[in-house]
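Asks: My questions will all concern the structure given below.
We did not get these values from a lab; they are worked out from the coordinates using the rules stated. All figures in this text were calculated on a predicted structure; none of them were measured in a lab. Glycine gets a Cβ as well: all are built from the backbone with ideal geometry, and neighbour counts include every protein chain shown.
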Amino acid sequence: MAATRSFLIATVLLIAAVAAAAAFIVTRQGGDEAEPAIAARSEAGQSAVERDAGTRSALAPPNFDIVRVDPRGTAVVAGRGAPGSRVVLMAGERALSSVEVDQSGEWVMIINDPLPTGSAELSLLMTTAQGQEIRSEQIVVVAVPESRDQTPLVVLGRPGEASRVLQSPFDGVSTGPLALETVDYDESGTVIFSGRATPEMRVRVLANGEQIGTVLADSDGRWSLEAGAAFAPGIYDLQIDMLDEEGRVTAVIALPFERASAEQALTARQQGRVVVQPGNSLWRLARRLYGDGFQYTVIYQANRDQIRDPNLIYPGQVFQAPEDNDAG
């Protein structure tokens, strides 16, 4: 009898142990299912945040592709942006026009109200469907002559890069397909040359016979080259060569050039300053700035310390450009 009771007690204890183990397993399995569900929800939330942050960081700023301005000041402007967003064309902080970007990421504006005479700095402000605002890295400087009888100068720029002439009343200095169009100074005072050449051809820049550098023209025939720190301030005989596949010179441009000091180069980025470009003369500068070539004396009087001969100015020089007829 005692043995039977012992057997029954042992059986009950075994059943209780099995039940407890089963309860633990069921409870544990339920917990294991709940924890991955919570983790999955957490990961999903993090992924959504990361995706949103990634979308914001990957969203490219709006770009200019085409800027055409006629002598009257009316313009056609086109570019790219995020599909479905709205792009505003700004002149300084003033909105000129706006348009929605189509599904292919392109936009076009027609500016019927003439741009004012003088210089204007254009930029873009894009607002996405989610309300995010992104400003363009590019800027476009437009110079409309006072006379409104000459093709305005239109220059596209981005900080730290060479400016690109989109439209000009003059063609810089050229020989056949080779051209030197602009001379710029970046934020550090480095000289940047840019121009045109036969696509995929090599361009070489020399100063007083010493090579400054070489660069390949891109598929559109555009090229730009930054001069190194060893290119010291001074007046040089500048030479631009275009080379074929075998390194033979096929076109040459030669002209005097003055490399401004770092201090002068930094002032070139200030309001009321102008960098002399290839093909410029005091007459042309005055006509572009004031609408009258006879006003060249204004520039001359304001820069007598740099201009030794009014008939001889050098690309790369940085001049003060007074806003009125008083050279001070």
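Asks: What percent of all Cα-Cα pairs in the range 60-169 falls into each 5 Å bin, going from 0 up to the bin containing the maximum distance?
Replies: 2, 13, 24, 25, 18, 11, 5, 2, 0
Asks: Assigning unit charges at the beta carbon (Lys, Arg +1; Asp, Glu -1) and nothing else, what dipole magnitude in debye, to the nearest 20, does the range 60-169 show about its Cα centre? Write down the numbers at each step before the final one.
Replies: Working: 9 positive and 13 negative charges, 14 e Å.
The calculated dipole for the range 60-169 is roughly 60 debye.
Asks: How many Å³ per residue does the convex hull of the Cα positions in the range 167-233 occupy?
Replies: Convex hull volume per residue, Cα atoms: 110 Å³.
Asks: Given contacts defined as C-alpha pairs under 8 Å and at least six residues apart, what's the relative contact order of the range 60-169, whole-number percent? Before the final figure, lay out the partial values.
Replies: Working: 291 pairs, mean separation 28.5, N = 110.
Relative CO of the range 60-169 lands at 26 percent.
Asks: Find how much the distance from Ala60 to Thr250 grows on full extension, using 0.36 nm per residue of separation minus their present alpha carbon separation; answer in nm with one decimal.
Replies: Going from the current span to full extension adds 64.5 nm.
Asks: Mind sorting Phe257, Phe231 by how few other Cβ atoms lie within 10 Å of their own Cβ, fewest first?
Replies: Exposure proxy ranking, most exposed first: Phe231, Phe257.
Asks: Which trypsin sites (Lys or Arg not before Pro) in the range 49-155 sit in a loop by DSSP (not H, G, I, E or B) and have at most 13 other Cβ atoms within 10 Å of their own Cβ?
Replies: Arg72
Asks: Please report Rg (one decimal) and Dmax (integer) in Å for the Cα set of the range 124-222.
Replies: For the range 124-222, the Cα-based Rg and Dmax read 16.8, 56 Å.
Asks: Select from the range 148-249 those GluC sites (Glu not before Pro) which occupy a DSSP coil region and have at most 14 other Cβ atoms within 10 Å, ordered by residue number.
Replies: Glu187, Glu200, Glu245, Glu246
Asks: For the range 98-251, what is the charge dipole size about the Cα centre, in debye to the nearest 20, if Lys and Arg each add +1 at the Cβ and Asp and Glu each add -1 at the Cβ?
Replies: 180
Asks: Tell me, what ³J(HN,Hα) does each residue in the range 180-197 have, in order and in whole Hz, if you take phi through Karplus 6.51 cos²θ - 1.76 cosθ + 1.60 with θ = phi - 60° and put x for Gly and Pro?
Replies: Working through the residues one at a time gives 9, 9, 9, 10, 10, 10, 7, 4, 8, x, 6, 7, 10, 9, 8, x, 10, 7 Hz.
Asks: Could you pull out the trypsin sites (Lys or Arg not before Pro) across the range 211-262 that fall in loop regions by DSSP (anything but H, G, I, E, B) with no more than 12 other Cβ atoms inside 10 Å?
Replies: Arg248
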